[in-house]
Amino acid sequence: MAGKVKWVTDIEKSVLINNFEKRGWIQVAENEDWNFYWMSVQTIRNVFSVETGYRLSDDQIVNHFPNHYELTRKDLMVKNIKRYRKELEKEGSPLAEKDENGKYIYLDFVPVTFMLPADYNLFVEEFRKNPSSTWIMKPCGKAQGKGIFLINKLSQIKKWSRDSKTSSFVSQSSKEAYVISLYINNPLLIGGKKFDLRLYVLVSTYRPLRCYMYKLGFCRFCTVKYTPSTSELDNMFVHLTNVAIQKHGDDYNHIHGGKWTVSNLRLYLESTRGKEVTNKLFDEIHWIIVQSLKAVAPVMNNDKHCFECYGYDIIIDDKLKPWLIEVNASPSLTSSTANDRILKYNLINDTLNIAVPNGEIPDCKWNKSPPKEVLGNYEVLYDEEMAQSDGPERDPRGRSGQSTGAKGSRARDLGKPVLTTWK
């Protein structure tokens, strides 16, 4: 196609701009004709809002889905996953099977969570069942560890409600809504420290669902050794892995930034826990990511002008069970180390190769199924169309329906049938 892609961004990050310039794309102003707009979540709201929104033409694409918050707001993600479980249960799906205690066997991958103030009474009931547990409170709409604190007594919640002038727990604007989740107080520790996984997942379409996993995710470590001791509940260097918090710690390392690559984690776990359990863990991580996307797909506005790269945060507990903590719509493009800069540059490069085929002026009508050669460090995580043409298989806990290429065949080699057509 003739002509160069015209780009706009409201995020002044070199990892983005270098990628656009490398392709010979042309920067234009927001009010000029553009083909590609890498925008913040605030801007996407305006682009698709009823009042200020405008019609995108077939040669324009943007990097967020209009209502991405169904997945990326902590409260809405949990609400959608709960709804998804109930729907599967109604259908009699084997995925919704429960154990003798009424707990989901396969779909229990998000810590028990309530919305505050709305679910206060439900939370109290749950708290009293296990009064020695610790809970973590997070504001629904904030990122980078802002506004988060841990509690282990009901009186702390009451104090919080008084302090935030919500003592009557009347319904508030969503800005002040909080989620409270059971804190995973048995995290897998490495060198005595807690860590979480940041994985990048690209969605090119929700219906049919097509998503890709970036191979170069990383672990973020706390700088201070972990202790479940209640005396350290307010020490965020022990409990929160966010770089935005850890970089202020005395023990923060500015060379590796408290980070390990996922491949290093894999090698470490293979050598300490064995290959088989490590493979099972990563299969389960992929599986819960696909399930979370399936949970929001029915409510997502699957606009053909959109793609999105999400930052998934996963915590692994000491039984090697992965938990989905949250999903970020704008994973940080700031580089805290040299390796970080390279990783994020390559992440954007590979994302653009899938979202904007051949770096040519986009056409929204294309089938969004790029050839394998252009995937770079991405691999197909789930392709609903391909899965459905493969026909259903049995084991609900098999791989995440990766019925594509080598991955799918490897799952079969492990003797795990691939479940491909869950709704």
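The values are calculated or read from the model by the stated rules, or taken from the named source; none is laboratory data. Just so it is clear, the model here is predicted, and its values are computed rather than measured. Cβ coordinates were reconstructed from backbone atoms using ideal geometry, including for glycine residues, and neighbour counts include every protein chain displayed. The protein model used for the area step is the full one, side chains on, heavy atoms only, and it has no ligands, DNA or RNA in it. Shrake-Rupley method; radii C 1.70, N 1.55, O 1.52, S 1.80 Å.
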Quick check: is even one residue across the stretch 78-89 open to solvent by 20 Å² or more (accessible area, probe 1.4 Å), within 30 Å of LYS159 (Cβ to Cβ) and outside the structural domain of LEU202 (by the TED database)? yes
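Could you tell me which residue of the stretch 369-386 is nearest to SER57 (Cα to Cα), considering only residues that are over 21 Å from the mean Cα position of the chain (by Cα) and not small (Gly, Ala, Ser)?
PRO370
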The correct count of residues that are aliphatic (A, V, I, L, M), modelled with pLDDT of 95 or more and open to solvent by 20 Å² or more (accessible area, probe 1.4 Å) in the stretch 44-75 is 0
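Can SER161 be described as assigned to a loop (DSSP other than H, G, I, E, B), touching a helix residue (DSSP H, G or I) at 6+ places or on another chain (Cβ under 9 Å), over 25 Å from LYS321 (Cβ atoms) and at pLDDT below 90? Working first, answer last.
Values: assigned to a loop (DSSP other than H, G, I, E, B): no; touching a helix residue (DSSP H, G or I) at 6+ places or on another chain (Cβ under 9 Å): yes; over 25 Å from LYS321 (Cβ atoms): yes; at pLDDT below 90: yes.
Answer is no for this residue.
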Test: LEU320 is in a loop (DSSP other than H, G, I, E, B) and surrounded by fewer than 19 Cβ atoms within 10 Å (Cβ to Cβ): yes
Restricting attention to the stretch 286-317, the residues that are among the polar types (S, T, N, Q) and assigned to a helix (DSSP H, G or I) number exactly 2
Please name all residue pairs, on different chains or six or more residues apart, with Cβ atoms under 9 Å, provided the first residue is in the stretch 86-104 and is among the polar types (S, T, N, Q) and the second residue is modelled with pLDDT under 95 and surrounded by 11 or more Cβ atoms within 10 Å (Cβ to Cβ). SER93/PRO396; SER93/TRP422; SER93/LYS423
So, of the residues in the stretch 11-28 that are in a loop (DSSP other than H, G, I, E, B) and modelled with pLDDT of 95 or more, which turns out to be nearest to ARG73 (Cα to Cα)? VAL28
